[in-house]
Amino acid sequence: MRRWVLIVLVLAVVGALTWAGIGRVQDLTKKPTRRGDGGAVPVEVATIERGPIEHRRTFTGTLDPKAEFVVASKVSGRVERLNVDLADTVTRGQRVAKLDDDEYVQSVAQAEAEFAVSKANLAEAESLLDIAERELQRVEKLHTRGVASESQRDTATADQFAKQARVKVTSAEVIRSQAALETARIRLDYTNVTAGWRGGNDQRVVAERYVDEGQTVAANAPLLRIVEMNPIIAVFFVTERDYTLLRTGQAVSLRTDAHPGAVFEGRIARIAPVFNESTRQARVEVGIDNPELQLKPGMFVRATVVLDRVEDATIVPGHALVRRDGRDGVFVITDDGRSVSWRIVEVGFHQDGRVQVTGNGLTTQVVTLGQQLLDDKSAVSIGGRVGSRTP
């Protein structure tokens, strides 16, 4: 008996739930109100505006330093000292590193000794030439008096020529040894690594350090990467559609996630004259003043460019636009505020959810919510006011 009672109770519950479900489905499947069924449709409206509107495009780009270079050692050696580190400021011509110079000091001393020897050889050669010239003069006098023979004169003359040649050779050796000395001094000076550049600001920043103190480096090995951060360059790429709308000097507003809410102003500095064959895009560079160094190379930015501007435009909210039969249009509230008129429009610029439109009869308010239930001359209710369908 208890089993049969339990079965009856279960069947009753199932039946009740089934009945409730059928009722819910019937409610959900009821046909919604059709457009233009004669009732006033509740809507929200907005005023049609007149004023300026801009055609803007936003591009994603990257910040690059305006200028950068790698400081490298021109000679090999052990890094004895680094005078700057990552993020340090560097002044034009500042010594940034010092290499061990013992070997180069010795090379200078050796070159100086060789230069001194060559100068002494030149002095000796010049002295011997002077003696040979005096001997030739003496033989010439004796020869004119018939005392010296022709062979003695020839011998003196040949000796003079030999001494003159010796002076030329030793003079060349002096020049060579002097050049070797200057080279040794230059190589010694190369152990003092400096950061020098032309143009731009007198101060830049160390972006990367490639070596540590005590490390032995080869000639031309990179030590530091130094960049100029003020001004800084934003780089983005454009397609052919936007390329013809850009020009040098155009204002650009930049935003970055590193500084939410901050807007940085710049101007287009360069536009590439060619397109990349693989991407079919052209490079655009924007110069930005960065006195506080808030912007860093490598940051991603969103660059907004004003491509065009209309000073006196008819403007409606973007969600007021409706597309019917392949045409764009809006529903305009009539003068009595009880119904709407369908107006076909031409869509222009979009800016911050606002749209430029052109067409006839765009003078009052436009429907922004409830358009899907409207037809031309449909009755509407705005803010509790209910109107009847206009005949």
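Here region 129-259 is assigned +1 on the Cβ of each Lys and Arg and -1 on the Cβ of each Asp and Glu. Its dipole about the Cα centre then comes out at about 340 debye. For the chain, the share of DSSP beta bridges that are antiparallel, to the nearest 5, is 95%.
Stretched out straight at 0.36 nm per residue, the stretch from Val263 to Arg241 would grow longer than its current Cα-Cα span by 5.3 nm. When Lys66, Lys74 are sorted by how many other C-beta atoms sit within 10 angstrom of their C-beta, beginning with the fewest, the order is Lys74, Lys66.
Projecting the Cα positions of Thr155, Ser107, Leu129 onto the charge dipole of region 102-189 (unit charges on Cβ atoms of Lys, Arg, Asp and Glu, taken about the Cα centre) puts Thr155 furthest along the positive direction.
Quick check: from the Cα gyration tensor, does the chain come out rounded (a/c under 1.5), prolate or oblate? Here the chain falls in the prolate category.
Only helices enter this figure: runs of n ≥ 4 DSSP H residues, each worth -39500 (n - 2.57), summed and divided by the residues of the chain, yield -10500 deg cm²/dmol at 222 nm to the nearest 500. A simple spin-label model places pseudo-atoms 7 Å from Cα toward Cβ; at Lys168 and Asp88 they are separated by 5.5 nm. In terms of its C-alpha gyration tensor, region 52-208 has a prolate overall shape, because the principal axis ratio a/c (a ≥ b ≥ c, square roots of the eigenvalues) is not below 1.5 and a/b outweighs b/c. Placing +1 on the Cβ of every Lys and Arg and -1 on the Cβ of every Asp and Glu, with nothing else charged, gives region 102-189 a dipole about its Cα centre of roughly 440 debye.
The GluC sites (Glu not before Pro) of region 158-213 that meet both conditions, a loop assignment by DSSP and at most 12 other Cβ atoms within 10 Å of the site Cβ, are Glu213. If the cut-off is 18 Å between C-alpha atoms, which aspartates and glutamates fall inside it for Lys377, apart from same-chain ones fewer than 8 positions away? Lys377 reaches Asp37, Glu44, Asp325, Asp328, Asp335, Asp336.
Over the chain, Cα pairs under 8 Å with separation of 6+ residues give a relative contact order of 28 percent. Pairwise alpha-carbon distances in region 102-189 exceed 17 Å for 58% of all pairs. Extension gain for the segment Leu369 to Gln137, taken as residue separation times 0.36 nm less the Cα-Cα distance, is 71.3 nm to one decimal.
Relative to the current alpha-carbon distance between Asn220 and Glu346, full extension at 0.36 nm per residue lengthens the span by 39.0 nm. I'd like to know which of Asn290, Ala184, Leu246 lies farthest towards the positive end of the charge dipole of the chain, counting +1 on Cβ of Lys and Arg and -1 on Cβ of Asp and Glu. The listed residue farthest towards the positive side: Leu246. Only loop residues by DSSP count here, and only those with at most 14 other Cβ atoms within 10 Å; note down the GluC sites (Glu not before Pro) in region 277-386 that meet that. Passing sites in region 277-386 are Glu277, Glu292. Exposure proxy shown here: for Leu11, Leu369, Leu362, the number of other Cβ atoms within 10 Å sets the order, fewest to most, as Leu11, Leu369, Leu362. In terms of other Cβ atoms within 10 Å, Thr89, Thr304 run from fewest to most in the order Thr89, Thr304. Close amide-amide hydrogen proximity is noted between Asn83 and Ala97, Lys98, each under 5 Å apart and 5 or more residues distant or on a separate chain (H modeled in the peptide plane; Pro and chain starts excluded).
Every number in this text was worked out from the coordinates using simple rules, so none of it is lab data. Keep in mind the model is a prediction, meaning the values are calculated, not measured. Note: ideal-geometry Cβ built from the backbone for every residue, glycine included; neighbour counts use all protein chains shown.
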